[in-house]
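S.K.: For reference, the structure I am asking about is given below.
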Amino acid sequence: QVQLVESGGGLVQPGGSLRLSCEASRSIFSIYAMGWYRQAPGKQRELVAGITTSGRTNYADSVKGRFTISRDNTKNMVNLQMNSLKPEDTAVYFCNTWLNLPTSWGQGTQVTVSS
């Protein structure tokens, strides 16, 4: 059974940092590119960053230079280091496959950037 569990969200002040983690089932992690997505209230879910099995990365323009995606193949985990956070980064963050049809979505983790 495919399972995605996101963690690491929280409340942070503008300019602060958070590190999100996603633990994925080995059945998908070892095969697929993985991505972090976010959905703000009233907006569509969007791709924030993606990473292939070989480590190639892609970022949304809005987070380039601030966010870094990485994957730990030994732990079936994909991480998102978020620096210089802005209020507009406030959203629920999810992980899922990238460049393929998404699998079942997890609960996500809330990130709130506010002073």
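The values are calculated or read from the model by the stated rules, or taken from the named source; none is laboratory data. What you see is a predicted model, and the numbers here were worked out from it, not measured in a lab. Quick reminder, even Gly has a Cβ in these numbers, built from the backbone with ideal geometry, and neighbours come from all protein chains shown. Calculation scope for accessible area: heavy atoms of the full protein, side chains included, ligands and nucleic acids excluded. Shrake-Rupley method; radii C 1.70, N 1.55, O 1.52, S 1.80 Å.
S.K.: Which of G8, S84, Q39 sits closest to the plus end of the dipole of region 1-110, meaning its Cα is farthest towards the positive end, when Lys and Arg get +1 and Asp and Glu get -1 on the C-beta?
M.R.: So the residue furthest toward the plus end is S84.
S.K.: Sorting Y37, Y93, Y32 by accessible area (1.4 Å probe), largest first, what list results?
M.R.: Details: Y37 35, Y93 0, Y32 80 Å².
Order by accessible area, largest first: Y32, Y37, Y93.
S.K.: Still on this model: Taking amide H positions as placed in the peptide plane 1.01 Å from N, state which residues far from R71 in sequence (5 or more) or on other chains have amide H under 5 Å from it.
M.R.: Here N79 satisfy the definition.
S.K.: Then there is this: Under 5 Å between amide hydrogens, which residues at least 5 positions from L85 or on another chain qualify, with H placed 1.01 Å from N in the peptide plane?
M.R.: Placed amide hydrogens put G15, G16 under 5 Å from L85.
S.K.: Could you give the length gained by full extension between Q81 and R66, i.e. 0.36 nm per residue of separation minus their alpha carbon distance, to one decimal place? Write down the numbers at each step before the final one.
M.R.: Details: separation 15, 0.36 × 15 = 5.40 nm, distance 0.82 nm.
Using 0.36 nm per residue and subtracting the Cα-Cα distance, I get 4.6 nm.
S.K.: Please give every one of the lysines within straight-line cross-link reach of K64, meaning a C-alpha to C-alpha distance under 25 Å, and leave out same-chain neighbours fewer than 8 residues apart.
M.R.: K43, K86
S.K.: From the phi angles alone, apply the Karplus equation (6.51, -1.76, 1.60; θ = phi - 60°) to region 10-23 and give each ³J(HN,Hα) in whole Hz, x where the residue is Gly or Pro.
M.R.: Once rounded to whole Hz, the list reads x, 9, 9, 7, x, x, x, 10, 9, 10, 9, 10, 9, 9.
S.K.: What number does the chain give for Rg over Rh if you use C-alpha atoms and the Kirkwood radius?
M.R.: Rg/Rh: 0.94.
S.K.: Please give the calculated 222 nm ellipticity per residue for the chain, where each DSSP H segment of at least 4 residues contributes -39500 (n - 2.57) and the sum is spread over every residue; nearest 500 deg cm²/dmol? Don't jump to the answer; show the numbers that get you there.
M.R.: On the way: 1 runs with 4 residues, N = 115.
Per the formula, -500 deg cm²/dmol.
S.K.: How large is ³J(HN,Hα), in whole Hz, for each residue of region 31-43 in order, when computed from phi with the Karplus curve 6.51 cos²θ - 1.76 cosθ + 1.60 and θ = phi - 60°, using x for Gly and Pro?
M.R.: Values per residue, Gly and Pro as x: 10, 9, 5, 10, x, 9, 10, 9, 9, 8, x, x, 10 Hz.
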